[in-house]
Amino acid sequence: MAERAADGAAERPALTALRRWYTAAWLLLGLIPSVIAVGNDSGPAKWASLVLVALALAYTATHRALIHPTGYLVALAAGLGVMAALPGGGAALLVVALPQFWFQTRGRRAAVLLSGCAAAATAAGSLLRDSPGNAVAALTGYAVSVLAGVLLHRLVADSEARATALAAELSLTQEQLADAHRRQGAADERERMAREIHDTLAQGFASIIVLAEAARTGLAGDPERTARQLRSIERTARENFAEARVLVGSAPHSGLTPGSVVPTLRRTLERFAQDTGVTVDAELPEDVDCDQQTRIALLRCTQESLANVRKHADASTVGVVLAQYPHAIELEITDDGRGFAVEESRGFGLDGMRKRLAELDGELTVTSSVGDGTRVLATFHTNGQA
């Protein structure tokens, strides 16, 4: 029973459309020609008409789930035998009816057995009516139907097996793709967090270290300067604490209030000049306006560039120019320091700035050479929108 149920389950999806076509063929090529043949005879023809009507009603009832298919097929086999013994062409009706034994059963064995019973009944009825040719036709039709039915079952089974294999492969691929997306998302998040930590906490701690070393050195000789440096250390530590809260999600934004980015950039530049003694020339027009993500990127690029000047450039002057054009915002930061070979640079900070700008449809251009200072140009494309 389990095997037959499995066979039936494999048949139904593939044969639904074919079954509908066969219903029309059973009506047009089986019942209607038999009715016409019976109508041209007399005598026993009325019994043949009753058999045809009974078969048509039973067929309809089976499709409406009023009669079990096996019971209908047994009745069909008996009816075909009766039709073969009466006027109406039993052998021809058998040939048209044979596919039903494959559609209505749940396995090859039942189909072969029930269709064999129908063929035997038709052959017996034909012999009773003294029509050996019809008996041979019935048995030949049965043999052909068995071959065709077995082949069809094998084709359907192979198709279902391929469909199952493809579905399993697709499911596995989807799982692998989802896992790859999860891994990529985790890697992207780690990279983003690393960039944020480098641009905020790491820079702040570096500034604290430099200020603390300077304060310790000048503790005895210049108490007033040491006091300013200690205040800068405290302020930087507080800002780092605020940035840490942002990174762990317990603060709403990242040290940048809504509105123009210029006031924040001015405070950053003033702090840098106060802490390092480097002269800062800034051109920061107040009317530059942009979205929050661009403001954060402008601030981070400024902080990273100033940190590089502090750590590497040994510069005396830094120039900062912010400009807004119809389709872009540009931030240019230059210094007169020692410079470096850009093609040999592998710093995390420059790579982080490039990736940050790329995420906002921007680009970073770094121009420098040993002894000639450095120029950093951050361009944000705005497509005409402020």
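At ARG338 and GLU160, where each label point lies 7 Å from the Cα along Cα→Cβ, what is the point-to-point distance in nanometres?
Result for the modelled spin labels: 7.8 nm.
Semi-axes, largest first, in whole Å: what does sqrt of 5 times each Cα gyration tensor eigenvalue give for the range 113-202?
So the three semi-axes of the range 113-202 are 73, 8, 6 Å.
What order, most packed first, do the peptides 313-324, 169-180, 69-80 have when packing is the mean number of other Cβ atoms within 10 Å of each residue?
Listed from highest to lowest mean packing, they are 69-80, 313-324, 169-180.
Heavy atoms of the protein only, probe of 1.4 Å, neighbouring chains included. What is the accessible area of ARG271 in Å², nearest 10?
40
Counting only the heavy atoms of the protein chains, how much of VAL210 is accessible to a 1.4 Å probe, in Å² to the nearest 10?
Using a 1.4 Å probe on the heavy atoms, I get roughly 60 Å².
Quick check: net charge around GLN274, other residues with Cβ under 11 Å of its Cβ, Lys/Arg +1 and Asp/Glu -1?
Around GLN274, the surrounding residues sum to +4.
Given H placed 1.01 Å from N in the peptide plane, which residues other than close sequence neighbours of VAL318 have an amide H under 5 Å from its amide H?
THR279, VAL280, ASP281
Given N residues in the range 154-193, what is its alpha carbon radius of gyration divided by 2.2 N^0.38 Å?
Dividing the Cα Rg of the range 154-193 by 2.2 N^0.38 Å gives 1.91.
Which whole number in µm²/s is D for the range 280-320 by Stokes-Einstein, with the Kirkwood Rh taken over Cα pairs at 37 °C and 0.692 mPa s?
284
Ranked by accessible surface with a 1.4 Å probe, highest first, in what order do SER115, SER345 come? Intermediate values should be presented prior to the final figure.
Values: SER115 0, SER345 40 Å².
Ranked from most to least accessible, the order is SER345, SER115.
Can you check what the net charge comes to around THR382, using other residues whose Cβ is under 11 Å from the Cβ of THR382 (Lys, Arg +1; Asp, Glu -1)? Could you put the intermediate results ahead of the total?
Working: positive: none; negative: ASP289, ASP291, GLU330, ASP361.
Charge balance in the 11 Å sphere: -4.
Using the Karplus curve 6.51 cos²θ - 1.76 cosθ + 1.60 with θ = phi - 60°, work out ³J(HN,Hα) for each residue of the range 367-372 in order, rounded to whole Hz, and write x for Gly and Pro.
Karplus-based 3J(HN,Hα) across the range 367-372 equals 10, 6, 8, 4, x, 10 Hz.
Using a 1.4 Å probe on the protein heavy atoms, what percent of the accessible area of the range 96-191 belongs to carbon and sulfur? Can you show the working numbers first?
Working: 3740 of 5820 Å².
Carbon with sulfur: 64 percent of the solvent-accessible area.
In 5 Å bins starting at 0, how do the alpha-carbon pair distances of the range 304-386 split up by percent?
P(r) over the range 304-386, rounded to whole percents: 3, 15, 25, 24, 16, 10, 5, 1.
The values are calculated or read from the model by the stated rules, or taken from the named source; none is laboratory data. All values derive from a computational prediction rather than experimental measurement. Don't worry about glycine lacking a Cβ; one is built from the backbone with ideal geometry, like all the others, and counts go over all protein chains shown. The protein model used for the area step is the full one, side chains on, heavy atoms only, and it has no ligands, DNA or RNA in it. Shrake-Rupley method; radii C 1.70, N 1.55, O 1.52, S 1.80 Å.
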